[in-house]
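Here the structure comes first, spelled out in structure tokens, and everything after it is commentary.
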Amino acid sequence: MAAVAYGVSDFVGGVASRRVAALRVVIVSYPLSLVIVLIAAPFVSGTLTLNGLIWGAIAGVTSGLAVWWFYLALATGPMSVVSPLTAVLVAGIPVLVGFAFGERPGLIAYLGIAVALVAVVLVSRESPDDTAGEVAGGITLRFTRQVALLTVGSGGAFALSFIALHQIGEGSGLWALAVSRGAATVVVWLVAVAAGHFVLPRGEPLKLAVYVSVLDVVANGTMIYAFQGGMLSLVSVIGSLYPAATVLLAMVMLGERVSRVQQAGMLLALAAVGMIAVAGA
């Protein structure tokens, strides 16, 4: 559920970002996510603990920074390189951290993780038609040192947000998520003000931002509960398969061309989920 919600959220957010600056979308979606969580939290068992407060704040700050750096990397560098590299960092770093802390999921799960990492890269690859668009406005978008730093920073920050969600543990209910969305709101608002993009979207982009906020709550809420019942290395790699949902929606809803490489990646994603699910059963 988390991977699907993340993927659908990226699709809806991507559609909105084609009409207005991406920061104008998240300055609405993050605070709305906070409002939704605050409304739902009293109906879910749990109390805000110090552990939930700290790790929820870390998750919010890192996710806010990750979004900012990711959009900057996409704006100045080739998407065909930025997207898959970010995705594999998001999937791979929590796996390594989980292994470092002694997680040993078993042979089938190891194979599932390997397949999932390959799937993330393949699904995130741009089709030839899209990569041709790396030349825009007469300027060739290159993978410069700055773009590389932004890409690695974004992937690392997204990965840290997953690790922080895993550390929240049981007992906080949705209150830790409220702290996370509050912290993320502060980050993107400060960035939007500094970048001159603190302007609310209107019309269809505003409606899409509302959808993104709901999906954001579903994605992060289910991810928190998934982490409570599973290993960091397994849950994070399944959650990182979200690009498959984004690509599938782009193909069905927008008629975008999906390469055979991406199709193979989606099939591998399904296989990886099956292998990890069997290993955890």
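The values are calculated or read from the model by the stated rules, or taken from the named source; none is laboratory data. Quick caveat, the model's predicted, so the values are computed rather than measured. FYI the Cβ positions are ideal-geometry reconstructions off the backbone, even for glycines, and counts take in every protein chain you see. Remember, those area values only see protein heavy atoms, side chains included, never the ligands or the DNA or RNA. Shrake-Rupley method; radii C 1.70, N 1.55, O 1.52, S 1.80 Å.
Would you calculate, for the chain, the mean residue ellipticity at 222 nm contributed by helices, counting each DSSP H stretch of 4 or more residues as -39,500 (n - 2.57) and dividing by all residues, to the nearest 500? One gets -26000 deg cm²/dmol as the mean residue ellipticity at 222 nm.
Among 98, 56, 196, the residue with the largest mean-square fluctuation in a Gaussian network model of the chain, with springs joining Cα atoms closer than 10 Å, is 196. Reported to the nearest whole Å, the Cα centre-to-centre distance from the range 52-109 to the range 199-225 is 20. For a modelled paramagnetic label at residue 35, 7 Å from Cα along Cα-to-Cβ, the residues of the range 184-210 in reach, with backbone nitrogen under 19 Å, are 184-190, 198-210. Quick check on the range 150-202: take the gyration tensor over C-alpha atoms, sort the square-rooted eigenvalues as a ≥ b ≥ c, and tell me if it's rounded (a/c under 1.5), prolate or oblate. Judged from the Cα gyration tensor, the range 150-202 comes out oblate (a/c at least 1.5, b/c at or above a/b). On the basis of the beta-carbon distance and an R0 of 35 Å, residue 111 and residue 152 show a calculated FRET efficiency of 0.85. Ordering 163, 58, 108 by accessible surface, largest first, gives 108, 58, 163; the 1.4 Å probe counts only protein heavy atoms, with every chain in place. Take the Cα of residue 170, step 7 Å toward its Cβ, do the same at residue 144, and the gap between the two points is 5.1 nm.
Computed log10 I(q)/I(0) for the range 1-112 at 0.10, 0.14, 0.15, 0.21 Å⁻¹: -0.44, -0.84, -0.95, -1.37, from the Debye equation with unit scatterers placed on every C-alpha and solvent omitted.
With the highest mean first, a sort of the peptides 258-266, 19-27 on other beta-carbon atoms found within 10 angstrom per residue produces 19-27, 258-266.
Label separation (residue 267 vs residue 193): 5.2 nm, computed from points 7 Å beyond Cα along the C-beta direction. For the chain, the solvent-accessible area works out to 46 Å² per residue, with a probe of 1.4 Å and every protein chain left in place. Shape analysis of the chain based on the Cα gyration tensor places the equivalent ellipsoid semi-axes at 27, 25, 17 Å, largest first. When the Cα gyration tensor is reduced to axis lengths a ≥ b ≥ c, the ratio a/c is 1.5 or higher for the range 187-281, and with a/b not above b/c it is classed as oblate. Per residue, the average separation of C-alpha pairs within less than 8 Å and at least 6 apart gives the chain a relative contact order of 44 percent. Full extension of the chain between residue 47 and residue 207 gives 54.4 nm of extra length, using 0.36 nm per residue less the Cα-Cα distance. Convex hull volume of the Cα atoms of the range 165-228, normalised per residue: 81 Å³. Annotation: extensible slack from residue 99 through residue 18 equals 25.3 nm (criterion: 0.36 nm per residue apart, minus Cα-Cα distance). Shown for the chain: the carbon plus sulfur share of the solvent-accessible area, taken with all protein chains present and a 1.4 angstrom probe, equals 72%.
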